[in-house]
Amino acid sequence: MNIALIFLLAYTIGLTAFGVWIGRRVTGASDFFVAGRSLSWPLIAGTVLAANIGAGTTVGAAGVAYKDGISAWWWNGSVGLGTLALALWVGPRLWALASARGYFTLGDYLEDRFNGSVRGLVAGLLAIGTLAILAGQLIAGAAILEVVAGTAKWQGVLIGGIAMTLYFTAGGLLSSVWVNAVQLTVLLIGMLVAVPLALGHVGGMEAIAAAPDVPATYFDPMYSAGGMSGWSMFLLLAPGLVVSPGLVQKAFGAVSMKAVRVGIGVAAVAQLAFSFLPVLLGMAARVNHPGLTDTNIVLPTVILNDLPVWFGALGLAAIFSAEVSTCDTILFMLSTSISKDVYQRFIDRTASPDQILRVARVAAVTGGVIGMFMAIQLSTVADALRIFYSLLIATLFVPVVGGLVFKRAGSSHALVAIACGIGALLAVYFGTDRRGWWDPGTWGLAASAIGFSVMLMTRSARRT
């Protein structure tokens, strides 16, 4: 009897049923998009933390730790620091605008601050990145089922994809928040149990240090080889978290500005505390499972093989929980953007709330299907996440932050920033080997900031 597989399937079915049941409370677009703006800080904290602890911060971080060592903590650390900036600065300011002016999406802010062209351009570009990160979560979930039951990749993708699409489509943000609360509880218990057991099984940190072929930098927390390695992850991940549409739109559901600050702040601190857990599991895998070439299976391999059966089943459910909880956040970004930023803005400006809600649900189902297809095609979690964060920081960071800081910045500033960011991103992506410090997203962010700054100086010079 495959206890881990039975546990995983029962858990997935129960979680989906719970989400669909919560979805019966959704009576209109406001419930679906912003949960009626009724979320207290504990619910905000739970849903933001559950969204942030996904394929990258569990399976991805463990895979990097298996290869690079303790410096992989920067994956979660960068996410936590970016989320802290969202809590203390960007989030409260955007919530105040959303509450006063009725924003449902970050696109509402972009159009109000700049114009419809900026809104439409960003929505189109981020739709591509959103599907890529959705695929990354599904790849991680499929890797778990592959290790547990030997299922083919496409089968694991379908199981995870169908589950998250069903419950999110039923209830939107309202379902996500309550399902995330369950997922987060399972995740934290599972990881807190798994780490000491796995370290004890391999003989502790001394055994890891003595493992064959461990590089000299394995215990250096400041090591980086560039790109998605060590501290350089901060350059790619932290800016994206500051302006992540999924997190910003969760903040729009808060009942007060205090709920935004406290809820997202608590999530950020918890993320920083969590940062070493998947890293230690990845490093432990180096002892008993040397020579793993697929970084997607490092974490499920150590949990399945180095823990007692029932604890291993709980640990795997925790990881699977993380992937599904992030999937619903991504569908949230995609469906709300398509329905509000594209359909209502450019196709039918007179659409009723019920029409917008129907479009959002159709977009969620369609996005889920496309995400499953992309997951089958892409190879690793890191590949998928890199596409999303590169597009996010090259197109969105400078217009959002610049719009909040510089009152005189207009649509031309935002469009030039986006054009420069995308131009640099594509030039690095297609013109270099993308290894070492040639990270497309980082160069895109730098070019976007330069373009925006030049526009500010040029316009200022013309006025004087």
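None of the figures in this text is laboratory data; all of them are computed from the coordinates on show. Treat the numbers as computed from the prediction; the structure is a model and nothing was measured. Virtual Cβ from ideal backbone geometry, glycine too; neighbours counted across all protein chains shown.
Side notes on the structure shown:
- Label positions at L88 and D354, each projected 7 Å from the Cα along the C-beta direction, are separated by 4.8 nm.
- Label-point gap, in nm, between L378 and L9 - each point 7 angstrom along Cα→Cβ: 2.8 nm
- Anisotropy class of the stretch 403-464 from Cα gyration tensor, a/c 1.5 cut: prolate
- For the chain, the number of Lys pairs with C-alpha atoms closer than 29 Å, counting only pairs eight or more positions apart or on separate chains, is 7.
- Residue-averaged 222 nm ellipticity for the chain, from DSSP H runs of 4+ at -39500 (n - 2.57), nearest 500: -25000 deg cm²/dmol
- Ranked packing of 116-128, 252-264, 351-363, most packed first, by mean Cβ within 10 Å: 252-264, 116-128, 351-363
- Report note on the peptides 198-208, 234-244: ranked by the mean count of other C-beta atoms within 10 Å, highest first, their order is 234-244, 198-208.
- Extension gain, S412 to I370, is 11.8 nm, computed as 0.36 nm per intervening residue step minus the present C-alpha separation.
- Order of T12, T293, T58, T395 - criterion: other Cβ atoms within 10 Å of each residue's Cβ, fewest first: T293, T12, T395, T58
- For L39, the residues 5 or more places off, or on other chains, whose built amide H falls under 5 Å of its own are A254, V255.
- For the stretch 112-122, putting each phi into the Karplus relation 6.51 cos²θ - 1.76 cosθ + 1.60 with θ = phi - 60° gives couplings of 5, 7, 10, 6, x, 5, 4, 4, x, 5, 5 Hz, in residue order, rounded to whole numbers and with x for Gly and Pro.
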